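J.: Sharing a structure here in structure tokens format.
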Amino acid sequence: MAPYVNDVAVRWSDQDAYGHVNHARVVTLLEDARTDMVFEAARKAGAGDFEGGLLVSALEVAYKRPITWSPDGVRVEMTAQDVRAASFRIAYRLLLPDGDGGWDAAKPAVTATTQLVPYDLTSERPRRLTTVEREFLASYSS
């Protein structure tokens, strides 16, 4: 299956004193990409229940090379992994522009994963994935 792809803008203010996007901002870039997948794309696919509650229960980020500001922003490729009854992971590859109008997929700047848990805000408890949600995630499984 093909990954879900989202291009995310990098703001000038995302850079630290060294001219690199800092850790907190990288996590925000990943969050911006993820929310487009699990809220916008999922809703369009009929799997809008994620909007009712979805918690991050774990996050791992590995930095491969610095991210600097570019008018092209970054590209985030995401796949669903380890889809279980009441949790799943999203794996990320954050790509930088290659200078020729494309994206340097051979050398991601960041790889990351988030463990997500569907959550019922009314009962304040985790819930099981619906069949439609599982089908949506399967369309982006690796």
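The values are calculated or read from the model by the stated rules, or taken from the named source; none is laboratory data. In this text the structure is predicted, and so the values were computed from the model without any measurement. Positions of Cβ are backbone-derived with ideal geometry, glycine not excepted, and every protein chain shown enters the neighbour counts.
J.: Among the candidates LEU129, LEU95, LEU116, single out the residue that is within 28 Å of TRP12 (Cβ to Cβ) and either of a type in the set (Ser, Thr, Tyr) or surrounded by 15 or more Cβ atoms within 10 Å (Cβ to Cβ) (or both).
T.: LEU95
J.: So which strands (runs of 3 or more DSSP E) are wholly in region 23-122 and hold at least 1 residues that are polar (S, T, N, Q)?
T.: Those strands (runs of 3 or more DSSP E) span 54-63, 74-81, 110-120.
J.: Continuing with this model, one more query. May I ask you to verify whether LEU54 is under 27 Å from ALA17 (Cβ atoms) and either surrounded by fewer than 20 Cβ atoms within 10 Å (Cβ to Cβ) or within 14 Å of the chain's Cα centre (by Cα) (or both)?
T.: No.
J.: Given the criterion over 17 Å from the mean Cα position of the chain (by Cα) and surrounded by fewer than 18 Cβ atoms within 10 Å (Cβ to Cβ), identify the matching residue among ASP72, ASP49, ASP7, ASP32.
T.: Being over 17 Å from the mean Cα position of the chain (by Cα) and surrounded by fewer than 18 Cβ atoms within 10 Å (Cβ to Cβ) holds for just one of ASP72, ASP49, ASP7, ASP32, which is ASP72.
J.: When LEU116 is evaluated against the numbered criteria (1) of a type outside the set (Ser, Thr, Tyr); (2) free of Cβ contacts under 8 Å to residues at least 40 places away in the same chain; (3) touching a strand residue (DSSP E or B) at 6+ places or on another chain (Cβ under 7 Å), which criterion, by number, is the only one it fails?
T.: Single failed check for LEU116: (2).
J.: Answer yes or no as to whether ASP16 is surrounded by 14 or more Cβ atoms within 10 Å (Cβ to Cβ) and either over 14 Å from THR114 (Cβ atoms) or not polar (S, T, N, Q) (or both).
T.: no
J.: What do you reckon, is LYS64 of a type in the set (D, E, K, R), more than 30 Å from PRO126 (Cα to Cα) and at pLDDT 90 or above?
T.: Yes; evaluated as a whole, the condition is true for this residue.
J.: Could you give every pair whose Cβ atoms fall below 6 Å, whose first residue belongs to region 38-62 and is under 16 Å from ARG128 (Cβ atoms), and whose second residue is assigned to a helix (DSSP H, G or I) and of a type in the set (A, V, I, L, M), counting only separations of at least 6 or pairs across chains?
T.: Sorted first by the residue in region 38-62, then by its partner, the pairs are ALA47/VAL132; PHE50/VAL38; PHE50/ALA42.
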